[in-house]
Amino acid sequence: MANKEKTGQRAHHLIDTKFAARELRSLGEKELGYLAEVMRGETLSNYISESSMTRRFEDAFAKRVGAKKAMAKNAAMSGLVEAVSVSGAGPGFEVICDPIVHFGGLAAIYFNAVPRFADVKRDTYNMDPESLLANITPLSKAVIVTHMWGQSAEIETIRDICREKGLFLIEDCAHCVGSTWNGRHVGTFGQLGVFSFQEFKQLSTGDGGMTVTTDEKLFEQMRGAWWFSGESPKFVYINYRMNEVTAAVGLAQLEKVDRIVEGTYNKTLAILDKAIEGCEWIRPRTVPRQAKMAGYWWACTWEGDKGGLSYEKFKALEEELDIGLRFGFNFYPAYEFPFFRESTAYRTQPDCPVRCPFYTSKSNYRYTWGLTPVTEELMQRLITVNLIFLSIPAAEKMAEGIRQLIKRMEK
Ligand SMILES: Cc1ncc(COP(=O)(O)O)c(C=O)c1O
């Protein structure tokens, strides 16, 4: 953990403020223009009127990703939790998710559903459809698939599995503005797709999120739930909407995001990929030909131990050269986090959900080491860099550092 914090801090000095104003995510006249409109309108929350800033942002975002409808939220987490509720998952049901990050599992336990973790592929870091299939049980209700770090999972295969098995498919697109599979934007394959606009994402509103869908009937039910009309909503909904001020920033950011993803994040990603080209003991991430990546987070894996190289030496040299790489990402799969095993405010039984009385009688599922062996091994080997505040000159400097590091290891 100490190492992670330290490398995060060291990476920060690479932020080039002059470059940032031009080519990285930035705030300026566009945002101020829309914000002025909101202030003049003297309405701070409005998701009903078609001319509101929130509706304009929702409609523009839906159009950008090719969805029928979009619903602006205060965070992606709210969208994921709401999606679990809409799926009908609850006590005694399982929600299958992937374990590199914990957000899908967290969304499931809000509604006392049991997160069940499918493994990822060693080369793409995304959910392995075979493992998804192997984790489907009579209790499965929904799947939350993460398109990790701007790269689509094998979403057509996953969608087909979900259709065949009658599972509600939720796409976690938190990292994915501009990411497609066979030319179609992620978030539009399942019933719901959820995007994040938190500070460290390609499009930021400070905090915020967007749920998209191609199912208009589902959208009407969800919108109807938010807009309290005196009737019982169809499901337990999450009333965490976006306000007009946030939407004004979002609309302005949306107009810039493609240029920044293409012009900077995809370039910095390529610069770092090039730095490890030809190195036999650092393996680049595989991008399937169907996937168009939206640069967000660069990643590769350490394989040097197989040729007798020392990882400790590698990390010490990296520190000496002050490159700013992050090792191991979170180090462990999500099910190793104690909060999946301990009782929380949302759960009343110790060791819920996997030992909850609704569940144990039906399943022997446990969160134990060995549950997703590929993820367990992968996470120890990950070498990553968040690209959001990395300028092209800073990426070039970092790439030069990586080249030197490789040379010194091979000397
Ligand atoms: C994959 C993934 N899903 C969901 C979230 C939650 O997003 P938010 O902070 O907007 O709630 C994050 C945040 O980093 C994330 O990385």
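Bear in mind that the values in this text are calculations on the coordinates, not laboratory data. Note that the structure is predicted; figures quoted are calculated from it, not measured. Cβ atoms come from the backbone with ideal geometry, glycine included; neighbour counts cover every protein chain shown.
Tabulated results
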read-out: Percent antiparallel among DSSP beta bridges (both partners in region 26-254, rounded to 5); value: 45
read-out: Simple label model, 7 Å out from Cα along Cβ direction - T43 to K63, nm; value: 2.0
read-out: Footprinting exposure proxy for C173, C300, C162 (fewest neighbouring C-beta atoms within 10 Å first); value: C300, C162, C173
read-out: Calculated from backbone phi, Karplus (6.51, -1.76, 1.60) coupling profile of region 380-391 in Hz, x at Gly/Pro; value: 5, 9, 5, 10, 9, 9, 6, 8, 4, 10, 9, 7
read-out: With eigenvalues of the C-alpha gyration tensor scaled by 5 and rooted, region 26-254, Å; value: 30, 20, 14
read-out: Most fluctuating residue given options Q151, Q202, Q290, as computed from a GNM of the chain linking Cα atoms under 10 Å; value: Q290
read-out: All aspartates and glutamates inside 12 Å of K165 as judged from Cα atoms, apart from same-chain residues fewer than 8 positions distant; value: none
read-out: Cα-based reach from K63 at 13 Å (exclusive), listing aspartates and glutamates while leaving out same-chain residues under 8 positions away; value: E255
read-out: Loop-located GluC sites (Glu not before Pro) in region 171-251 whose Cβ has at most 11 other Cβ within 10 Å (DSSP); value: E231
read-out: Entries of K315/K407; K68/K141; K274/K397 with Cα pairs more than 19 Å apart; value: K68/K141
read-out: Estimated dipole of region 170-320 in Debye, rounded to 20 [Cβ of Lys and Arg +1, of Asp and Glu -1, Cα centre]; value: 360
read-out: DSSP beta bridges in the chain [antiparallel fraction, %, rounded to 5]; value: 60
read-out: Rounded FRET efficiency, nearest 0.05, which uses the C-beta distance separating R283 from S51 and R0 of 35 Å; value: 0.10
read-out: Cleavage-rule hits (chymotrypsin sites (Phe, Trp or Tyr not before Pro)) in region 134-232: DSSP loop, at most 13 neighbouring Cβ within 10 angstrom; value: W227, F228
read-out: Cα-based Kirkwood hydrodynamic radius, the chain, one decimal, Å; value: 22.2
